[in-house]
Each structure stands twice: as C-alpha cells, then as structure tokens.
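Okay, structure first, notes after.
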Amino acid sequence: MLLSSCLGSVVLVGASALATAALTWSVWTLLEEYLHARRASSKNPLPGGILKALDAGALDPVIGRDAEIDRVVCILCRRTKNCAALVGATGVGKTAIVEGLAQRIVAGDVLGALTGARIVQLDMGAMVAGTRLRGMFEQRFKEAIRTAEESDGKIILFVDEMHVLVGDGDTRDGTGDAANMLKPALARGRIRCVGATTTGEYRWYIEPDAVLERRFQKVAVEQPSVEATIAILRGLK
C-alpha cells in the first residue's frame, strides 16, 4: 500500500514537472519571437527586419550590364507580368544587375513608372528565423507582401535564390508555401518583383510551376565577355 502511494506520488510529480517544462518552453519561445521582432524593427523600419532596402550610395559601380538592366526596367514598367527572373550561373553577376537598377533609380535614369521607387530585398533568413510556432512564417511573409502592395509600386521586391519559395527548395523550414502566398499578389499586378536563381534551380523548381513561371519574365544572365571583364576590373580600381 505504501509502495503504491509512493509510486503514485512520483508519477504525479513527474507529470507536473513535464507540464512545467512544456509551459516554460512555450513562454521562452514566445519571448524569443518578441525579442527577435523588436531587434529587427529597431534596425530596420520595414516590417520585422525581413525587408531590407538596398543603399544605392554604398554600392560599387555596375559595368557591362546595361542590356540586362534595360530589360529588367522594361519588364517592371509593364501593367501586368511585371516581374523579372534573373537566371544564370552562380557568381555571374545577377545581384549586380539589381544593384545597378537601384543606382539608376536613385539617379533618375529610369522610366516614369519607376521614379521614386526603391528596391527592397526580401530576407528569407530573417523571415524563417525564430518561426518555430505554427503560422509565424506565413504571417511575416504576408506582411511583406502587403507592404509592397500598399506602396503603389514604389517598393520593388528582390528575392535572391527565388527557388526557395517553391516546394522542396525550402530546406524543410516551412517556406514551401511562400510561392502560393505570392501568386495572388502577382496575379493582381500590384507588386513588382525581381527574383534571382541559377539555371539548374530555375529548371528544377520554377519551370514545373506553370503559374509562377508565367508571372516571372526570364532574363538570361551570361558570363561577361573578356572585354567586359577587363572594363569591370578597371572600374573597381
């Protein structure tokens, strides 16, 4: 009888300890989410630190990519299908094209539809960070989309490694639904977006998604010629 009573007490104590541990973990997770959002917002006025505006004044000059930048400008100025996908090998200069576009916008060397716009990078790392609670990623992503839509075209979203938005390209962190959340905004034509990915990842993740591929106009980014490479090196001196 005494043994049964003792065992019962141990079970109750153990269950209580587990419940306390679970509650502590939940509170700690919520606190971590809150602090992450506070730290991000203090560094960046855009929502949650997940959107980061490119500082054109701090960028190196972009040389030899005028044709690609012109192509992106034309795409962004369309009423519909106004999103571009920069596709090329790793390190070929896809991000440099976006930086060159940012510099043109600041200099006023763009068509009227892009005057006063700014390029804002969608930081997928910050988006995913601390999203252990169900629905946190979805909330952050929808907030970023809403911010871009409400800017009346004055925010151009830049999504580097855009393939992570699609299916198995998400490294199992829950971002696989991001493409489906983005598609309605793209269909409405109220959001301008520039994505970047490699040729292989574009074929593997983007092309099979007919809706997403139709919304993004592909811009092939090739290796610069020898002459262009020399000009780039001279321009960086």
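For the pair D177 and C74, what calculated FRET efficiency results from E = 1/(1 + (r/R0)^6), where r is the Cβ-Cβ distance and R0 = 35 Å, to the nearest 0.05?
Efficiency at R0 = 35 Å is approximately 0.70.
Each residue of segment 66-81 in turn: what ³J(HN,Hα) in whole Hz from Karplus with 6.51, -1.76, 1.60 and θ = phi - 60°, glycine and Pro shown as x?
3J(HN,Hα) across segment 66-81, in whole Hz: 4, 4, 5, 5, 4, 4, 5, 4, 4, 5, 5, 7, 5, 6, 10, 6.
Across segment 202-219, in residue order, what do the Karplus-derived ³J(HN,Hα) couplings come to in whole Hz, using 6.51 cos²θ - 1.76 cosθ + 1.60 with θ = phi - 60° and x for Gly and Pro?
After applying 6.51 cos²θ - 1.76 cosθ + 1.60, I find 5, 5, 7, 10, 8, 4, x, 8, 4, 5, 5, 4, 5, 7, 9, 8, 6, 10 Hz.
For R234 and A67, calculate 0.36 nm times their separation in residues minus their Cα-Cα distance, and state this gained length in nm to one decimal.
Net length gain for the segment: 58.2 nm.
Taking amide H positions as placed 1.01 Å from N in the peptide plane, with prolines and chain starts having none, which residues 5 or more places from R192, or on another chain, fall under 5 Å of its amide H?
When sequence neighbours closer than 5 places are left aside, the close amide H contacts are L157.
Which FRET efficiency, nearest 0.05, do E227 and R190 yield, Cβ-Cβ r, R0 25 Å?
Plugging the Cβ-Cβ distance into 1/(1 + (r/R0)^6) gives 0.05.
Cα centroid distance between segment 215-232 and segment 55-121, in Å?
One Cα centre to the other: 13 Å.
What share of the DSSP beta bridges in segment 49-235 is antiparallel, in percent to the nearest 5?
Antiparallel: roughly 15 percent of the beta bridges in segment 49-235.
At 0.36 nm per residue, and after removing the present C-alpha to C-alpha distance, how many nm does the segment from A89 to E213 gain when stretched out fully?
Fully extending the segment from A89 to E213 adds 42.8 nm.
Here, each number is a calculation from the coordinates, and none is a lab measurement. This is a predicted model, so every value here is computed, not measured. Please note: Cβ atoms are built from the backbone with ideal geometry, for glycine as well, and neighbour counts cover all protein chains shown.
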